[in-house]
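Provided herewith is a single structure, encoded as structure tokens, for subsequent inquiry.
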Amino acid sequence: MKVQYFGDRGRRLFGILDGPSHGARAGLVFCPPFGEEMLTTYARLARWSKQLADSGIAVLRFHPFGTGESGGSFADFHVEGALQDTATAIRYLRHQIGAKPLGLFGLRFGGFLAAQTAIRVSADFLLLWSPVVKLRPYLRELLRTRLTAEAVHLRAAQVTFSTQNMVDDFEAGHSVDILGYEFSPALYHHMTKEFSWPEAPNARNALLLHRSSERPSVASLPQEWTTGETAELKVVADLPFWENYSSVFPQGFADSSQSWLDQTLTHGNREV
Amino acid sequence: MTELVNIPVDSWMLHGIVHCPGLSSGKRVGVVVYHENYNTKFGTHRLFRVLSDRLASAGFYVLRYDDRGMCDSPGIHDLTIADRLADARAAAKFFREVYKLDVVIGWGLCLGATLALHTSASPDPHEQLDALVLCSILADPGIVSLPQFGYERVEVSKLAHEFFLRGNLLRKLLNAPRSFKFWIQKLEVIARRHLQGTPKELGRMKATIGRVGGLLAAYDGPCLMIFGEKDSYLTDFTERVNPGDRLKLKEKPNPPEWVLIEDGDHTFSSREKTEQLFQATLNWLERLPSREQSAVANIASNFQAEQPSAAAD
């Protein structure tokens, strides 16, 4: 295990490399989910990363600029920056593992990052857990969490603003405080106007795991994802573990992913 | 400037990050930040990371770390409360010795505050903390839960109150099929608790939390307690742990100071509340009494001079 900073001097990123840098059978860059979900899932994804490392896969967990231990403040975080950071992470891991297959893993918003990054940087495989397919409604959800928190902590009558007020602030070029995170107008712009789910997986193999309640979201995926030959969609029975701070491990997600990776990387049924 | 460190404890290694101060000072004062349950060292809304940057820019050394086998520390481990306590003591000792600190202060949130208080009571002087900042302290064993054992906190009395006393009972019975899943889930949890009994680890954790009142009463060093006004842990503390100053904290020669952050929640989750939390911490460090005063006062006043526009309230 190697913990270190990497990336450009003005955009220092924090990363943890789990597993053998030499002799690894593959590499996997973990794209973290967003905001509090990065925190609620941190220990559990770290655990899974260490398990993958034990199975011979070198895993790089990194923190996008403005988040976690990386440089910058959260106000510096936006989608374009996170995509650039993911590409930087891929280059770093590629340097570590050489010509071995290299893939991207992402949970929730991290799934969006992984799928988007694959458009820009070559990835051999994609592994996505309950990815956020549409950023605009996701942002709305995040804005509503502030309203919910205010309604819980204050009397509902004292909550004098709405999600529309926050949107108006963004449109006017102001940042908005969502439960201690400073959302910049650039982040708002990227989430609502600039980025959408890619038309195709852009990797030779892709596995998208989701919960049954996410079927409507998955049904809206472009055709290449649902009927194409490279992507496989599978339902997992796990709870939405990113919603709470418990340490209950997402065993269904992990088991399905591990067997798919073994099949993809080892048995050659899906030659990478 | 930050340095990545490895802290040895038992047969484990803890990954830590030390924030080194930009300002030079006569004495070397460190702050160990203790995070809450099943969390990592940067914390909710990056609270601990930003706090550490601020403290370092004010002249303090700051250490944050991950527990054994968790997050960025090597290995995989099912963490117990005893492990946490051992890790907390090891972190304080490592920090004092390796960074040659004159004063080590513990700053903790929720369970982290509980750990800081326990660490201050260590029999080893190298592990002890010279002062404490306890935020949203977890002091009531009655609210401890262990979700990793499926031990969700479900209070039968509250459920009964919810069902029988709130709203129209007849309407609830008519609507029961719609809320069937919710009630079944709660009943499952209750049944599981009664069938399995209390997990031993939960008992140990409750015992550890249960000692907080006694430790607070016995602690004679400088202490600042911070709560958010809207945090349920505040009422847990004032009504169940220390009702009517049962612990006689006010009668102590060196009573804990209190800061109540208006409209603040458990984790001070807005930039305004976070800023108030930081200011409360720094203002107190500036006034830190007794033997720590000379070491900390110079540093804190440097900070105040650097942050003229930061508003406390």
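Going Cα to Cα from A:LYS134, which lysines come in below 23 Å? Please leave out same-chain ones fewer than 8 positions away.
Within the straight-line cut-off, A:LYS134 pairs with A:LYS193, A:LYS234.
Which of B:CYS223, B:CYS20 comes first, and how do the rest follow, when ranked by fewest Cβ neighbours within 10 Å?
Lowest count first: B:CYS20, B:CYS223.
Moving to a separate point now. Where the convex hull is taken over the Cα atoms of chain A, what is its projected area averaged over directions, in nm²?
14.3 nm²
Which values, in whole Å and largest first, are the semi-axes of the equivalent ellipsoid of the protein assembly as shown obtained as the square root of 5 times each eigenvalue of the Cα gyration tensor?
Whole-Å semi-axes of the equivalent ellipsoid: 39, 30, 25.
Further question: Using C-alpha positions alone, give me the convex hull volume of the range B:1-101 per residue in cubic angstrom.
Expressed per residue, the convex hull around the Cα atoms of the range B:1-101 is 83 Å³.
Quick one: order B:ASP245, B:ASP263 by neighbouring beta-carbon count within 10 Å, fewest to most.
B:ASP245, B:ASP263
Another one. Sort A:LEU179, A:LEU17 so the one with the fewest other Cβ atoms within 10 Å of its own Cβ comes first. If you can, show how the numbers build up before the last one.
Values: A:LEU179 19, A:LEU17 24.
Listing A:LEU179, A:LEU17 from fewest to most nearby Cβ atoms yields A:LEU179, A:LEU17.
Can you give the charge dipole size of the range A:139-183 about its Cα centre, rounded to the nearest 20 debye, using +1 on the beta carbon of Lys and Arg and -1 on the beta carbon of Asp and Glu?
Dipole magnitude for the range A:139-183 comes out near 240 debye.
Let me ask another. Which shape class applies to the range A:139-183: rounded if a/c is under 1.5, otherwise prolate when a/b exceeds b/c and oblate if not, where a ≥ b ≥ c are the square roots of the Cα gyration tensor eigenvalues?
Cα axes put the range A:139-183 in the prolate bin.
Rule-based calculations on the coordinates, nothing more; no lab input. The model shown is predicted, which means the values in this text are computed figures rather than measured ones. Every residue, glycine among them, receives a Cβ derived from its backbone with ideal geometry; neighbour counts consider all protein chains shown.
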